[in-house]
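These notes concern the structure reproduced below.
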């Protein structure tokens, strides 16, 4: 049974990492027409509606008690705070470079989990994170020469901390079905993000351009409902720091998509950087006996 759960978690991890590669590109396209907080809130409101319909179709009961509290806290951190910061950062930062900055999540998750006594500090995890971060640095060596607005940089790094803490928090509460968990979490975030948008005076408007609707469709159906349901599956079998290694696989996909769809430059360092990323993820998260 444990081996079956490990295989399921590994499969969910790899599929989610590949599919999540399009999220940053979708956010960049969304930000070109919609204000950041409103764009994020609108995305999660649509995702909540879809997840609620799935709950009804699957006859899933809403959580209560501590399970409900965990879903709400997870939503406030992982979708509310983190995506408010990430959407703001992606206004001025290319998707590939921005996703590269989010590759600090595994290190942040490990250190936060150790500080909160949820995990122990392991040499393999540190080595894997260092290898992966070196690979990401090589992968994005040329783009990092570009000027990055300080506030955008700080927003993305703060968003990474929110992602890390959310993965730790969710493991402290009773397990909830992935569809139910994300319905509550994204609904919580939608309320917070739309309220924040109204508070700062962003224009509340629907997209007019087809490319924005296409980006939103991907972000809602694939990037929100499917990807984050797979994340919850992984978190039920893996530690928070191990699951967070998805953040060092995602940039490889994001850089390729951003180069194709958003004219982000791709350098010869892609093969070397990508190889280091894969090596780091294997050492830190996937090698036999790591679980």
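Spatial offset of the stretch 192-207 relative to the stretch 13-27 amounts to 25 Å, using the alpha carbon center of each. With 0.36 nm allotted per residue and the present C-alpha distance subtracted, the residue 126-residue 206 stretch has 24.4 nm of extension available. Reported to the nearest whole Å, the Cα centre-to-centre distance from the stretch 209-270 to the stretch 146-175 is 15.
Would you calculate a helix-derived [θ] at 222 nm for the chain, using -39,500 (n - 2.57) for each DSSP H run of n ≥ 4 and dividing by the full residue count, to the nearest 500?
Working: 15 runs with 197 residues, N = 291.
Dividing the helical sum by the residues of the chain leaves -21500 deg cm²/dmol.
Which whole-number percent is the relative contact order of the chain (Cα, under 8 Å, 6+ apart)?
Over the chain, the number comes to 41 percent.
Sorted on the mean count of surrounding Cβ atoms within 10 Å across their residues, most packed first, peptides 60-73, 153-166 read 153-166, 60-73.
Site pair residue 7 and residue 157 shows an inter-label distance of 4.3 nm when each label is modelled 7 Å from Cα along Cα→Cβ. A full extension of the chain between residue 175 and residue 279 corresponds to an added length of 34.3 nm, given 0.36 nm per residue minus the alpha carbon distance.
Taking 0.36 nm per residue of separation and subtracting the Cα-Cα distance, full extension of the segment from residue 68 to residue 18 would add 15.1 nm.
Taking a ≥ b ≥ c as the square roots of the Cα gyration tensor eigenvalues, with a/c under 1.5 meaning rounded and otherwise prolate when a/b beats b/c, else oblate, which class fits the stretch 1-152? The shape class here is oblate.
Each reported figure results from applying straightforward, stated rules to the coordinates on display, with no laboratory input. Here the structure is a predicted model, which means the values were calculated and not measured. As a convention, Cβ positions derive from the backbone with ideal geometry for all residues, glycine included, and neighbour counts pool all protein chains shown.
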